[in-house]
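Every read-out reported here was derived from the displayed coordinates using simple, explicitly stated rules and does not represent laboratory data. Just so you know, these numbers come straight off a predicted model, no measurement behind them. Because the Cβ atoms are built from the backbone with ideal geometry, glycine has one as well, and the counts that use them run over all protein chains shown.
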Amino acid sequence: MRYYENDSYYPAPPPMAPKKKKGIKTFLSILLAVALLGAAVFGGVLLGKTALDRKAEVQPTRAPLVTAAPAQNTNTPQEEGLLQLTPGGGTAAFRESGPFTKAQVCELAAPSVVGIDVSAQYAGNYYGLPGGQTGSGSGVIVTEDGYIVTCLHVINGADAISVTLNDDRSFEATVVGYDTRNDIAIIKIEATGLTPAALGDSDTVTVGEEVLAIGNPLGELRGTATAGIISATKRYVEVEGMPMTLLQTDAAISPGNSGGGLFNARAELIGIVNAKTMNNSAEGLGFAIPLSSVLTEMNDLLLFGYVKGRAYLGVYTQDVTLRRGGSDAWGQYFGVPCVQIADIVPDSAAERAGLKIGDLILAVNDTEITSGAQLSATVAQFNAGDSVTLTIQRGAGQEMEELKIEIVFGERVPEPNP
């Protein structure tokens, strides 16, 4: 299975215990803290060893199974009659009263938080037998008719998604849309009369402010609330290669909490829990996506199924290692990680700029590119219409040349489900 590079940087990992990150560099390196769905299918297509200079060896890549179909209408919110999600308003009344006690916050907010169970099937294992994997996470209801926000990495790769409400009712869910840049997704269940979260303004939170995280830790403890404070309001961290600016909290965050809500003392949703540190040397370092920073994206997902204006290059890629011919004391060859274009989308920015299958993408502007995930994260920092310079290597042997090509990004619009 090949994949659009713009859609690929929250792949579901294999089912194993999270690995510890060693040390803290320029950014905090944060592992996603959720009972993640395992990679039911390692979707990278092995195209064989490529006849490039220094012998490029293909590395497998992983692709998500979930694809979101754009909504079938392009009406404005006013034409469609949908209420816009805005701080201090949205789908529930702004809470003029408060602050509340922690017990009152739980009573008001818990009905808006759901448990999410996901499953995926893969064609066969080593013995040719079919198999599958499951995972769990959390979500927050944002409209009374069944729209729910969660983290993309919670549902990424899922064949089936089940939502369990606070009152124990369960519904099958479909994917409305997702935003890889901000790790958010909107799913929909067929239900009415639900209790949507009151939307707060995360731009006004302060360090030391009390908050509660409500979610589904371990995939078994739905409705669990943990208390803490805001430890930092604009913590710049890197989550699975994607730079993000997040709220930091010392509220206990566990696997399964991802996609759940971070609520202030007015019982207003101010963040979507998405990450924590997995390091024995540190405790109380949880993170949430600030709600105010993603409301525009959430509205686009509700209306159109995708976020408008996202940069799109239009290539399928594979990670390769360029051999240099040497080896270390253990007999392992030295190599340079790189990204090779495996295919190009017709009439895309890549095709219009003259990129070719087999080209190696070495850099975007001044950012060196060493993997498809890094390419995706780099492209995600731009918008449709932005212009960048790609440094590529084309050909092999005496025909090899390094070129600089100007690219004007197109707009990423997901393809409909088949």
For residue 101 and residue 280, what does the FRET efficiency come to when R0 = 41 Å and r is the distance between their Cβ atoms, rounded to the nearest 0.05? 0.75
To the nearest 0.05, what FRET efficiency results for residue 220 and residue 398 with a Förster distance of 35 Å applied to their C-beta separation? 0.05
Once both label points are put 7 Å beyond Cα along the C-beta direction, the residue 192-residue 368 separation in nm becomes 5.9
Can you figure out the FRET efficiency of residue 336 with residue 232, using R₀ = 30 Å and their beta-carbon distance, to the nearest 0.05? 0.25
Can you give the extra length, in nm with one decimal, that the chain gains between residue 296 and residue 345 once fully stretched, where that is 0.36 nm per residue apart less the Cα-Cα distance? 14.9 nm
